[in-house]
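J.: First the structure, then my questions, so here it is.
Every number here is computed from the coordinates shown, using simple stated rules; none is lab data. Fair warning: this is a prediction, and the values are worked out from it, not measured in the lab. Cβ placement follows ideal geometry from the backbone for every residue including glycine, while neighbour counts extend to all protein chains displayed.
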Amino acid sequence: MDENQGTNSYEDLDEETLFVVSQTFKALGDPTRIRILHLLFQHEYSVNQIAENLHLRQSTVSHQLRFLKNLRLVKNRREGTTLYYSHDDEHVMNLLKQTIDHAHHS
């Protein structure tokens with residue numbers, strides 16, 4: 001029997017899945033987005049709070065949050081005129097945590 005055959009045969013990835021996976025890794029490939037996601041893993045924050053905690057400009061944070069929200073990696077809720085952001089995908093947050101743990105592994 002061919003070693004490539006068996007109960008777990010390879011299935012090609014469709015174009016949509018490939019796109020989503022590549023965009024997710026693109027999101028995790030940017031240091032600013034990693035910092036934002038790591039912060040949101042701890043607690044929800046407004047744009048201003050994120051900017052203050054990470055010493056970034058509000059416009060930079062807003063731009064990155066829009067990118068992350070489009071990928072459904074973060075979500076927001078409105079309280080009055082303020083939007084509060086939190087992470088929206090446990091799978092990606094676990095991947096980020098494991099990658100950070102890997103980086104700390106000696």
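J.: Kindly state, to the nearest 0.05, the FRET efficiency for L83 paired with F25, given R0 = 25 Å and r defined as their beta-carbon distance.
T.: Efficiency, rounded to the nearest 0.05: 0.45.
J.: Give the aspartates and glutamates reachable from K75 as a straight Cα distance under 13 Å; neighbours fewer than 8 places away on the same chain don't count.
T.: Partners found: E44, D88, D89, E90.
J.: A further question follows. Which number do you get for Rg(Cα) / (2.2 N^0.38 Å) in the chain?
T.: The chain yields a ratio of 1.34.
J.: Then there is this: List the trypsin sites (Lys or Arg not before Pro) within the stretch 1-82 that DSSP assigns to loop and that have no more than 13 neighbouring Cβ atoms inside 10 Å.
T.: Those that pass, being in a loop and sparsely packed, are R57, R72.
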